[in-house]
Amino acid sequence: MCKVRCVLVIAVLLLNNVCISRVVLPHVPDIMHPPIPEDADIDADLIDQLHDQDPEVRPGLFQGDMAMENDIYKYWRIGLRKDIFPEKLWLNKTVPYVISPLYDVTDYVTIYRAIRTINFMTCVKFIPWNGKVSDYLLIWPIKYPAGCWSFVGRKGGSQILSLQPPTDRSTNCLGNEGRAIHELMHALGIFHEHSRWDRDRYVKIHPENIVPRYKSNFQKQSPENTSFSFEYDFDSIMHYGKNYFSIGSGKPTITPKVSGVKKLGQRKGMSVLDCLKLNDLYGCLDNPKTRRKYFSICKFLGISS
Ligand SMILES: [Zn+2]
């Protein structure tokens, strides 16, 4: 069985490499300057201080790992609202992508598994970039800001999504496919779960334990700017863990208020509600037939505690 799977994976890799070899990749600089809000400044010293923490908190972008533009920053939501930002959704539910040839085979497979998972669990389809269409995702190990980060929704043109490969010190963004799924979900238009305006009913924020400069990462949005169709999701792959941006170990920054909830967030795979949320954003639940299909897939394959 393993033999068959290994042969299949290698065949897929070879096919993808053939595809990549036919297209001319743009030059990607080691240092990126993604457009971000003026008040989400990047500070190299502070980023260094956070190096022992989760790789998502390191880039110093909006809420750690989102490269934002001012217009979205003002109206950010749990998922982009289709009526306000229709242009931020990927056209025809299709995302052309390139995985950087700088990744080694193991990391390439991890990223590819994340893509394949979303392709199976939702009606969104990631397809290898043909070298022609103007909007596509470039999955690349950017050196600065390093870490795992993404724009939210379709930015237009070649759009970087950074996944830092493992080093001797850390698996960084590619210990499993979960962090890649998290960033891909940002690229599709999903925000962090703990940003919901009603989150105070479900979690407690501990401002005294947050690195002062990053307190804004725990802000929530007003009801006017936020809409969502699903229950608060403690299991979400888009939820911060208890210690994100903490000033020290044993000092949680966010804890559950609901009894019985022991863990916040995870980076293994889409939860049931993550899966439904993504399908909902891309209209996969509009048609009764596809609705039944994706409800079943999300229910059976999504993570729930
Ligand atoms: Zn994130």
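Of the residues that make up segment 211-218, is at least one in contact with a Phe, Trp or Tyr (Cβ under 9 Å, 6 or more places away or on another chain) and at pLDDT 90 or above?
no
Within segment 259-271, identify whether any single residue is more than 27 Å from Val203 (Cβ to Cβ), open to solvent by 10 Å² or more (accessible area, probe 1.4 Å) and not hydroxyl-bearing (Ser, Thr, Tyr), and answer yes or no.
Within segment 259-271 (the criterion being more than 27 Å from Val203 (Cβ to Cβ), open to solvent by 10 Å² or more (accessible area, probe 1.4 Å) and not hydroxyl-bearing (Ser, Thr, Tyr)), the answer is no, since none of the residues qualifies.
With Ser158, Ser170, Ser134, Ser150 as the choices, which residue is open to solvent by less than 10 Å² (accessible area, probe 1.4 Å) and hydroxyl-bearing (Ser, Thr, Tyr)?
Ser150
Run down Lys220, Lys251, Lys215, Lys242 and say which single residue is away from the ligand (no atom under 12 Å from the Cβ) and either touching a Leu at 6+ places or on another chain (Cβ under 6 Å) or in contact (Cβ under 8 Å) with a residue 60 or more places away in the chain (or both).
Lys242
On the given criteria, is Trp90 surrounded by 14 or more Cβ atoms within 10 Å (Cβ to Cβ), modelled with pLDDT of 95 or more and within 16 Å of the chain's Cα centre (by Cα)?
yes
Assuming Lys299 fulfils every condition listed in (1) touching a helix residue (DSSP H, G or I) at 6+ places or on another chain (Cβ under 9 Å); (2) not aliphatic (A, V, I, L, M); (3) not in a helix (DSSP H, G or I) apart from one, which condition is it?
Failing condition for Lys299: (3).
Confirm whether Glu177 is within 16 Å of the ligand (Cβ to nearest atom), of a type in the set (D, E, K, R), open to solvent by less than 10 Å² (accessible area, probe 1.4 Å) and within 21 Å of Lys277 (Cβ to Cβ).
no
Condition test on Lys242, is it modelled with pLDDT of 90 or more, closer than 26 Å to Leu278 by Cα, open to solvent by 20 Å² or more (accessible area, probe 1.4 Å) and in a loop (DSSP other than H, G, I, E, B)?
Answer is yes for this residue.
Here are Val124, Val109: which of them is closer than 22 Å to Asp233 by Cα and either modelled with pLDDT of 95 or more or within 16 Å of the ligand (Cβ to nearest atom) (or both)?
Val124
Does Pro165 satisfy the condition of being open to solvent by 60 Å² or more (accessible area, probe 1.4 Å), in contact (Cβ under 8 Å) with a residue 24 or more places away in the chain and in a loop (DSSP other than H, G, I, E, B)?
When the stated conditions are applied, Pro165 does not pass them.
Is there a residue being at pLDDT below 90, within 15 Å of the ligand (Cβ to nearest atom), part of a loop (DSSP other than H, G, I, E, B) and open to solvent by 30 Å² or more (accessible area, probe 1.4 Å) anywhere in segment 191-202?
For segment 191-202, residues at pLDDT below 90, within 15 Å of the ligand (Cβ to nearest atom), part of a loop (DSSP other than H, G, I, E, B) and open to solvent by 30 Å² or more (accessible area, probe 1.4 Å): absent.
Residue by residue through segment 127-154, note down the ones that are more than 27 Å from Thr290 (Cβ to Cβ) and either away from the ligand (no atom under 16 Å from the Cβ) or part of a helix (DSSP H, G or I) (or both).
Those that are more than 27 Å from Thr290 (Cβ to Cβ) and either away from the ligand (no atom under 16 Å from the Cβ) or part of a helix (DSSP H, G or I) (or both): Gly131, Lys132, Ser134, Leu138, Trp140, Pro141, Lys143, Tyr144.
Within segment 169-207, track down each residue that is in contact with a strand residue (DSSP E or B) (Cβ under 8 Å, 6 or more places away or on another chain) and farther than 21 Å from Val152 by Cα.
Scanning segment 169-207 gives Tyr202, Val203, Lys204, Ile205, His206.
The values are calculated or read from the model by the stated rules, or taken from the named source; none is laboratory data. This is a predicted model, so every value here is computed, not measured. Positions of Cβ are backbone-derived with ideal geometry, glycine not excepted, and every protein chain shown enters the neighbour counts. What goes into the accessible areas is simple: the full protein's heavy atoms, side chains included, and nothing from ligands, DNA or RNA. Shrake-Rupley method; radii C 1.70, N 1.55, O 1.52, S 1.80 Å.
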